[in-house]
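Here's the structure, in structure tokens; my notes come after.
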Amino acid sequence: MALPRQESQRKAKAGDAVALHQRQLEAFVAPAEATLTTDQGVVVPDNHHSLQAGLHGPTLVEDFVLREKLAHFAHERIPERVVHARGAGAHGYLEVYRSLSAYTRADFLQEPGGRTPVFVRFSNLTGARGSADTVRDVRGFAVKFYTREGNFDLVGASLPVAFVQDAMKFPDFVHALKPEPHHDMPQASSAHDNFWDFVSLQPESLHALMWLMSSRALPRSLRMMEGFGVHTFRLVNAQGAGHFVKFYWRPRLGTHALVWDEAQRIAGKDPDFLRRDLWEAIAQGHAPEWELGLQLIEESRAQALGVDLLDPTQLVPEELVPVQAVAKLVLNRNPDNFFAETEQVAFHPGHLVPGIDFSHDPLLQGRLLSYTDAQIARLGGPNGHALPINQSVCPVHNFHRDGAHRVTIDRGSANYEPNSLAQGSEFRVDGGQQGFQSQADTLMTTKARHRPPSFDDHFSQATLFWNSQSTAEKEQIVAAFQFELARVGPAAVRQRMADLLAHVDARLARKVADALGLGAPDPRAAAGRAGFRAPAATPATLERSPALAGVAGPAAGIATRRIAILVAAGVEVGAMKLLQQTLHELGAVTRVVAAGLGVVATSSGQQLPVDHTWACMPSVMFDAVLVPAGAASAQALAAQGDAVHFVLEAYRHGKALCLIGESVRLLQLAGEQATRAPGVVHGPNDPAARLQMAQDFVQAIARHRHPGRVGVESVPA
Ligand code: HDE
């Protein structure tokens, strides 16, 4: 007898899973009817006034309309996530390039061109639900695949490594990172005593710390951010043969970052910067894309790799195992409702489908335990799977029953198995070939609380990361350590951190120590502390891994970059129009910015509409700045401190600038060499020069940032 589940799976296969998922969600969309009703469907006669005894009398207890409204309101919030509370979500699909049947039997990875609907939630790890987007932080990159064999969740992050090796340490790590318990400060920041106290006592955190202090922790856009599965998983094919696998998400737009000073200013001006950027790009039809990459490692080769695949603080350098692009992820639809979708979505690393399996990574194993509890606590019961956003596209059939908020109406008298009264006798699948089969494994025979010696190497990959960065990026990392540690009170904690950094690189440690008024960093001091265990042998490792210097990576065009056009009355718009046209053709967005809204008069007497004021949209909200020609306009702008600051700030932050004709005076305070600095395009307001300027400006924007501008520290912005 064909089982109901198999039958419907076959039906689902015939249909388009993406459309099916959307139809499922739409079935839950509230009707847009104009008549206001109570939750019982009774029409509300007056939604503005409560029921009172007399004109100035008390409100009556019998006012069930008011009671229902206030009661619902009082229960509108659910507990925020303990970590990853602040998020932004989007719908889309995964499209497979080629069949992965050699590696996995997962149905959704078999068919070239096959599409699987997904919901992705990006999140900040540290801050509360209302915290600012652009803080220095790890971002969550959680993907729910609604496959025809059930939901698969890849609950990853924007950094490839974790801060701790064992689940036992995770609550301590999170306690130390979150606001300090006595005064609940600071919000969404690791720059405080408890965090550095903890990590300075945990050499295993050092590798992740290097990433956190780097530009990777300051994404310019969620659309320009890499994602990683972090842990090692396994793929299992139809013959039961396994490969270890590491998952990567590579953004099509390249990996780009903000600079720290800019990130802090944006946090004040627009705390929703990253969420807004994602929402607007999708709403305007610029669906962001990532490539799904896999590092596939034969199980027999794992030992010889020189990296313990089960240690989540280690990555596998691409130079050892290349990342193969196997599919693309496209996010093309904003949620209809933040709460119903982005807030209620419930991920779990244990949501697997046949053909994908776990490794013994002790952090991953702990996650498998924890997420079920987290979702029950957050969603108020065990039925969260039935919320529209969490429902699978294939049918769910089992004898789980009841519980808070049960929405399924289970029919019939039998709620147990085996039974002979309902259609289900024994729900066992034929020949053991169907359904989720855990991969055969040799289990350990001893029980112990321990750390394997191969988990002792905490430094070589931190050094590899450091060695792989550009000079400019190294400066940013040094500055980040200096900033964070300057906020740490106890000098002993700062010294401990500098001693640890000496294991990564002596110059890095010294630069950090000097700025903090500490003694010379001493690696032996770190080695003498509790918990420190030197690796049995110095691991053979690469000297550099170019793939790790991902930020400011391949220039992938300028689509969706935001360019400010700074204007005042008398602006000459000839060259500006040509540049604007070129930028628009390449998918960039331009916005006219001036002192006030309305219009400004151009040199030819036309009226140019203004999109933003610079008070509201300062330079940190843009990727590049264009100041058109016009003597009167340049003079008016140069007389405005805010306009000069706009240009100088963009210059300091390494952004592309294009200054036409007289407008170059806005850069005067940056010094004589500034017009020749990388990424600064300047030329006369001459029709013959326009085309070249447009080309140079486009190239400068595509590079995203131009570090290494000489004397930039002395620019007053
Ligand atoms: Fe999580 N994590 N985590 N985690 N995690 C949660 O689940 C936990 C870890 C990650 O957008 C919680 O629903 C433990 C690593 C993401 O909804 C909670 C351990 C990585 C998200 C939880 C880890 C992650 C979470 C909070 C160590 C990177 C947000 C509420 C054993 C690969 C998903 C919730 C979303 C969320 C526990 C370690 C990623 C409490 C115990 C490592 C992206 O269950």
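Values quoted throughout were computed directly from the atomic coordinates according to the rules given, and no laboratory measurement underlies them. These figures come from a predicted structure and were not determined experimentally. All Cβ positions, even for glycine, are placed from backbone atoms using ideal geometry, and neighbour counts span all protein chains on display.
Ranking Phe28, Gln692, Gly596 by how far each Cα lies toward the positive end of the dipole of the chain (charges on Cβ) leaves Gln692 at the top.
Of interest is the spacing of the C-alpha centroids, which for region 664-687 and region 151-227 amounts to 41 Å. Candidates Pro490, Gln673, Leu637 compared by Cα position along the dipole of the chain: farthest toward the positive end lies Gln673, with charges placed on Cβ.
Extending 7 Å from the Cα toward the beta-carbon at both Ala547 and Ala492 defines two label points whose distance is 4.3 nm. Kirkwood's formula applied to the C-alpha pairs of region 546-585 gives a hydrodynamic radius of 13.0 angstrom. Under conditions of 37 °C and 0.692 mPa s, region 171-268 yields 200 µm² s⁻¹ as its translational diffusion coefficient, taking Rh as the Kirkwood radius over Cα pairs in the Stokes-Einstein equation. Between Asp184 and Leu305, the modelled label-to-label distance comes to 4.3 nm, taking each label 7 Å out from Cα in the direction of the beta carbon. Partner aspartates and glutamates whose Cα lies under 12 Å from the Cα of Lys69, excluding those fewer than 8 positions away in the same chain, are identified as Asp39.
Each Lys and Arg adds +1 at its Cβ and each Asp and Glu adds -1 at its Cβ; summed about the Cα centre, region 584-679 shows a dipole of about 120 debye.
Think of each Lys and Arg Cβ as +1 and each Asp and Glu Cβ as -1; about the Cα centre, that makes the dipole of region 130-210 roughly 320 debye.
Quick check on region 314-408: take the gyration tensor over C-alpha atoms, sort the square-rooted eigenvalues as a ≥ b ≥ c, and tell me if it's rounded (a/c under 1.5), prolate or oblate. Since a/c reaches 1.5 and a/b is larger than b/c, the shape of region 314-408 is classed as prolate. Pull out a ≥ b ≥ c, the square roots of the eigenvalues of the alpha-carbon gyration tensor of region 98-147, then state rounded if a/c is under 1.5, prolate if not and a/b is larger than b/c, and oblate in the remaining case. Here region 98-147 falls in the prolate category.
Take the Kirkwood radius over Cα pairs of the chain, plug it into Stokes-Einstein at 37 °C and 0.692 mPa s, and you get 115 µm²/s for translational diffusion.
One decimal place: the segment Leu421-Arg676 gains 83.4 nm when fully extended, by the rule 0.36 nm per residue minus the C-alpha distance.
Using only the Cα atoms of region 13-76, build the gyration tensor, take square roots of its eigenvalues as a ≥ b ≥ c, and label the shape rounded, prolate or oblate: rounded if a/c is under 1.5, else prolate if a/b is larger than b/c, else oblate. Since a/c reaches 1.5 and a/b is larger than b/c, the shape of region 13-76 is classed as prolate. On the principal axes of its alpha-carbon atoms, region 495-535 has extents of 29, 15, 11 Å, going from largest to smallest.
Other residues whose C-beta falls under 11 angstrom from the C-beta of Met497 contribute a net charge of -1, scoring Lys and Arg +1 and Asp and Glu -1.
How large is log10 I(q)/I(0) at q = 0.16, 0.20 Å⁻¹ when the Debye formula is applied to the Cα atoms of region 184-334, each weighted equally and without solvent? With no solvent term, the Cα-only Debye profile gives -1.08, -1.28. Among beta bridges identified by DSSP and lying wholly in the chain, the antiparallel ones come to about 75 percent. The equivalent ellipsoid of region 51-197 has semi-axes of 41, 29, 12 Å, largest first, where each one is the square root of 5 times an eigenvalue of the Cα gyration tensor. Counting only lysines at least 8 places from Lys577 when in the same chain, those with an alpha carbon closer than 24 Å to its own are Lys655.
Computed over all pairs of different Cα atoms, the Kirkwood value for the hydrodynamic radius of region 278-359 is 16.4 Å.
Only Lys, Arg, Asp and Glu carry charge here, each on its Cβ (+1 for the first two, -1 for the last two); on that basis the chain has a dipole of about 720 debye about its Cα centre.
Setting aside same-chain residues fewer than 8 positions from Lys246, which lysines have a Cα under 20 Å from its Cα? Result set, ordered by chain and number: Lys144, Lys328. Here the sum of -39500 (n - 2.57) over DSSP H runs of 4 or more residues, divided by the residues of the chain, equals -8000 deg cm²/dmol at 222 nm, to the nearest 500.
Compute the FRET efficiency between Ala536 and Val82 as 1/(1 + (r/R0)^6), taking r as their Cβ-Cβ distance and R0 = 41 Å, and round to the nearest 0.05. Once the sixth-power term is evaluated, E becomes 0.70.
The fraction of all Cα pairs in region 450-564 landing in successive 10 Å bins from 0 to the largest distance is 12, 34, 31, 15, 6, 1, given as whole percents.
If you wrap the Cα atoms of region 253-391 in a convex hull and average its projected area over all directions, you get 12.1 nm².
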